[in-house]
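Every number here is computed from the coordinates shown, using simple stated rules; none is lab data. None of the values given here were measured: they were computed from a predicted structure. Neighbour counts run over all protein chains shown; Cβ positions are idealised from the backbone, glycine included.
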Amino acid sequence: MGMLTNAQLDSVREEADTSGEGLVDTLVGKHLLSMGDVSRAKAAQFGAEFINLAEMRLSDEVIKSVPRHIAKRFNVVPVFNDGSTVKVAMSDPADLDALDGLQHALGLQVDPLVASPDDIESAIGQYYGVRDDAVGKMIQDITEGEVEIGVIGAGGADDGTTVDADAPIIKLVNSLIVEAFKMRASDIHLEPLSTKFRVRYRIDGVLHEMKSPPKRLQSSITSRLKIMSNMSISEKRIPQDGRIQTSVGSKTIDLRVSCLPTNHGESIVMRILDKEGLRLGLAQLGFFSDDQATFERLIAMPDGILLVTGPTGSGKTTTLYSCLHFINRPDRKIITVEDPVEYQLAGINQVQVLEAIDFTFSAALRAMLRQSPNIIMLGEIRDLETATIAINASLTGHLVFSTLHTNDAPSAVTRLIDIGVKPFLVASSTRALMAQRLVRKVCQKCAQPHMPTDSELRALRITPEQVEKATFKMGKGCSECNQTGCKGRFGVFEVFVIDDDARKLIYEKVSSSVLRARAREMGMRTLREDGARKVLAGMTTAEEVIRSTVLDDV
């Protein structure tokens, strides 16, 4: 291509062989080639078109076809999209892993175009924003020498160089936490793989891959987090748990940290516990006015058990805490027993279970009853002993809130009977059962009218008459929602109020399907039916509800 002479190439080749650095890297380092020249050569070698992104103005529609987190993960910029094929600018058309990953993530045919790395970086910043560039720049700024000194100094004398050496890692770890909080993430996942140290944030229930630190920083970052959460840094063979309390601006946030040994190192997951979420009113949880009135009546009862059911991560704890916040008054004594105590609540006595000293749920519950509480919140009913004490507490004038892991509300009755609770005790003590799931909200800033497909309407059993009155919406994608079209989550609920007929069926030990049929006769809306109401109101999308709930029996 006429970019170099043979003499220049020969002089550099010898130096590259001696240093062990690649020939192209040496040429770029000596300013005999630019990265743009290298990209042009790669384009010519693979028969791809070279483009100058700086001279192009890309439409919003094209940019939205590749979400921000995917563009940053694969370092590409979309240039053209016809609905079946997307053309993307990338610096290395030989990166087959990136092309395969893109095709899998987008579900479209991907055609590569070639642009210089600098052009791609500035285009990503221009079109997608530079939200996590602070972390990226920090990773870039940490040199190998600094890290090595930090690791050696960590176990030695405090001689001043240790602090300087560790400072970049400390800043990097703090930035990972701050960025996650700003992006409304609920979890930070640091996962050691064979060739990389992957960082992912869970935002509104969906994992998004972020810029990964170099693999060589893995042990330093892990050690720093273990120190922050009061874990043993010398113990690498067994799982450990810890907590971190830190400030982001004027807000104090708690992080629950879990460390798990894996094949390629220790995997760390940090759950971000934001206390603001606990002050939600019942309307903010996602209740429509009719369900909210029913639920407010149930939690104002003087005694009985109210069970919230659903899988891990379905928002059961947030719902229970919001209930406690709603009924927390100076004339009521409220005690909770949890494992672990996730949030500190003002005016409420919270008890932490400690299995190591046999201070179990049942032991804590027995002791709590001697404290004369009005309301008890039990983190989870796990065994017969705990269930029996909780039911006896409800029968002696206490209001008991708890959770169970079942798929729907009526199944909670079957679960209690299966673990050994007598049916007459379940029938007499249970006031209501509520199942819930979380779905993503449509972003209000970029929401626009959207008609669900015929198959989605059939799955949600939405009739043509309902369609005429509906306000279906879907987020277009904007900077506010990180180009996802969704911002925040709320619940879809299935509330089963136990009446005399239902008590009779429980006493007769009928199956959960019979109980469910009775609940439907009483007017209980299933999870999917409640979700369909919220789709009709434009609060969420049909796709979200179908993903989070199962099809109801006819």
Within segment 405-441, the residues whose backbone N lies under 14 Å from a label point placed 7 Å from the Cα of residue 547 along the Cα-to-Cβ direction are 438-441
Toy charge model, Lys and Arg Cβ at +1, Asp and Glu Cβ at -1: the chain dipole around Cα centroid in debye, rounded to 20, equals 2120 debye
Quick calc: nm separation of the 7 Å Cα→Cβ label points for residue 418 and residue 82 -> 5.4 nm
Helix 6-19: inclination vs the chain longest Cα principal axis, degrees, rounded to 10, gives 50 degrees
Of all DSSP beta bridges having both residues in the chain, the percent classed as antiparallel (nearest 5) is 65 percent
Farthest towards the positive end of the dipole of the chain, among 106, 168, 181 and with Cβ unit charges of +1 on Lys and Arg and -1 on Asp and Glu, lies the Cα of 181
Percent of all Cα-Cα pairs per 10 Å bin for segment 1-132, counting from 0 up to the last occupied bin, reads 12, 39, 29, 15, 5, 0
Rounded to the nearest 10 degrees, the helix 144-153 long axis (Cα) sits at an angle to the longest Cα principal axis of the chain of 50 degrees
Sorted largest first, the C-alpha extents of segment 75-123 along its principal axes in whole angstrom are 28, 22, 14
For Rg and Dmax of the Cα atoms in Å, with candidates (1) 25.2, 84; (2) 28.5, 96; (3) 25.7, 109, the value calculated from the shown model is option (2)
Longest principal axis of the chain (C-alpha) makes with the long axis of helix 117-128 (C-alpha) an angle, in degrees to the nearest 10, of 30 degrees
In Å, the Kirkwood estimate of hydrodynamic radius for segment 186-324 over Cα pairs equals 17.6 Å
A chain fully extended from residue 238 to residue 260 at 0.36 nm per residue, minus the present Cα-Cα distance, gains in nm 7.2 nm
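Contour minus end-to-end for residue 509 and residue 171, with contour as 0.36 nm per residue of separation and end-to-end as the Cα-Cα distance? Mind showing how you got there, number by number?
Numbers: separation 338, 0.36 × 338 = 121.68 nm, distance 5.92 nm.
Once the chain is fully extended between residue 509 and residue 171, it gains 115.8 nm.
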Listed by chain and number, the residues whose amide H is under 5 Å from that of residue 525, excluding neighbours fewer than 5 places away on the same chain and using placed H, are 495
Note on segment 261-389: the mean projected area of its alpha-carbon convex hull, in nm², is 10.1 nm²
So residue 283 and residue 341, fully extended at 0.36 nm per residue minus their Cα-Cα distance, gain in nm 18.4 nm
Any residue on another chain or 5+ positions along whose placed amide H is under 5 Å from the amide H of residue 333 is listed here as 374, 375
Gyration tensor on Cα atoms of segment 278-331, a ≥ b ≥ c root eigenvalues, a/c under 1.5 rounded, else prolate if a/b beats b/c, else oblate, says rounded
Expressed in µm² per second, the diffusion coefficient of segment 317-405 from the Stokes-Einstein equation, with Rh the Kirkwood radius over alpha carbon pairs, at 4 °C and 1.567 mPa s, is 99 µm²/s
Lys and Arg at +1, Asp and Glu at -1: neighbours of residue 263 with Cβ under 15 Å from its Cβ sum to +3
Lone Cys, the chain, Cβ cut-off 4.7 Å -> 259, 323, 486
Interchain or sequence-distant (5+) residues whose placed amide H lies within less than 5 Å of the amide H of residue 248 are 253
